[in-house]
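One structure below.
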Amino acid sequence: MQLGKYNTLTITRRTDNGLYLRDAEGEEVLLPNAYVPEQFEFEDEIEVFVYLDSEERPVATTLKPLATVGDFAYMKVKDVTEYGAFLEWGILKDLFVPFREQGDPLEPGEHYIVYVYIDEETDRIAASLRLNRFFQEQPITVKEGEEVSLLVGHDTDLGYNVVVNNLHRGLVYHDDVYKNIKPGDRIPGFIKRVRPDGKIDVTIRKTGLDRVTGSAQVIMEKLEAAGGFLPLHDKSDPAEIRKRLEMSKKTFKNAIGGLYKRSLISLGKDGIRLNLRGKTQEN
């Protein structure tokens, strides 16, 4: 029976307090009455999350916590006491963060990226903000161009720190941020570069031709929505391009170059125009 994880257990007996569930080795755990399903049969299997209650006894629940042991997650601080901080976990019990795992003091009501682990000294489930020691540095399990899942962390001078596939530490540079993202967002991304030192650069748009093609489509849609004209050109401020189109200036220039070659747009000193005749020919 795995503490801090989902377990598929067998219903063995009922008591006044709830159902007892058994694992393959014969160990039992209580599923309190509040979580007992309306219909069940003895020897049925049920998936539950197993954790320690306030008296440090293993207990099961059918509620889904925000994270299990081995997960990085974005959680809200519920309370800070003389013993440590407590996070809203999504189940009856809050998740404990020892002071030694906090770094800077935590603030009630604020959200943080944490890692959920088993404390070897106490055998309790706990959370840590000292994330670096929990990232897998070797082997790197991703490669350039691969689509990955990202958990967005805090913003830095270079870009956003991200957790890649719940394993690795990565960075999305500000130049590769084409839409509004914020800490706690779970979004898809693409590996841009795996550096020799193991650091991973990530983008939130496909690289290469796929990205340019997708950006060209965005520009066409924006042009149509704006009546055929956008006051953007190769001298436009990068911030204005990002605000209107959610793409970098480099991507914008590559995309309009391709659209111009296909006679879909006209380029002017004041902006770009939808070439209706060219669009008809393309279709």
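A few remarks follow.
- Residue-level check: of (1) touching a Gly at 6+ places or on another chain (Cβ under 6 Å); (2) modelled with pLDDT under 95, residue 56 misses just (1).
- Elements of the type strands (runs of 3 or more DSSP E) sitting completely within segment 1-98 and holding at least 3 residues that are in contact with a Ser or Thr (Cβ under 9 Å, 6 or more places away or on another chain), of a type in the set (Val, Ile, Thr) and within 22 Å of residue 115 (Cα to Cα): there are none.
- Residues located in segment 207-216, provided they are within 26 Å of the chain's Cα centre (by Cα) and modelled with pLDDT of 80 or more: 215
- All of (1) under 13 Å from residue 63 (Cα atoms); (2) hydroxyl-bearing (Ser, Thr, Tyr); (3) exposed (fewer than 12 other Cβ atoms within 10 Å of the Cβ) hold for residue 6 with one exception: (3).
- Qualifying residue in segment 108-119 (condition: surrounded by 14 or more Cβ atoms within 10 Å (Cβ to Cβ), touching a helix residue (DSSP H, G or I) at 6+ places or on another chain (Cβ under 6 Å), closer than 21 Å to residue 151 by Cα and touching a residue at least 12 places away in the same chain (Cβ under 8 Å)): yes
- Residue among 197, 201, 237 that alone is surrounded by fewer than 15 Cβ atoms within 10 Å (Cβ to Cβ) and modelled with pLDDT of 90 or more: 237
- Hey, residue 107 more than 18 Å from the chain's Cα centre (by Cα) and modelled with pLDDT of 95 or more or not: yes
The values are calculated or read from the model by the stated rules, or taken from the named source; none is laboratory data. The structure displayed is predicted, hence computed values, not measured ones. Neighbour counts run over all protein chains shown; Cβ positions are idealised from the backbone, glycine included.
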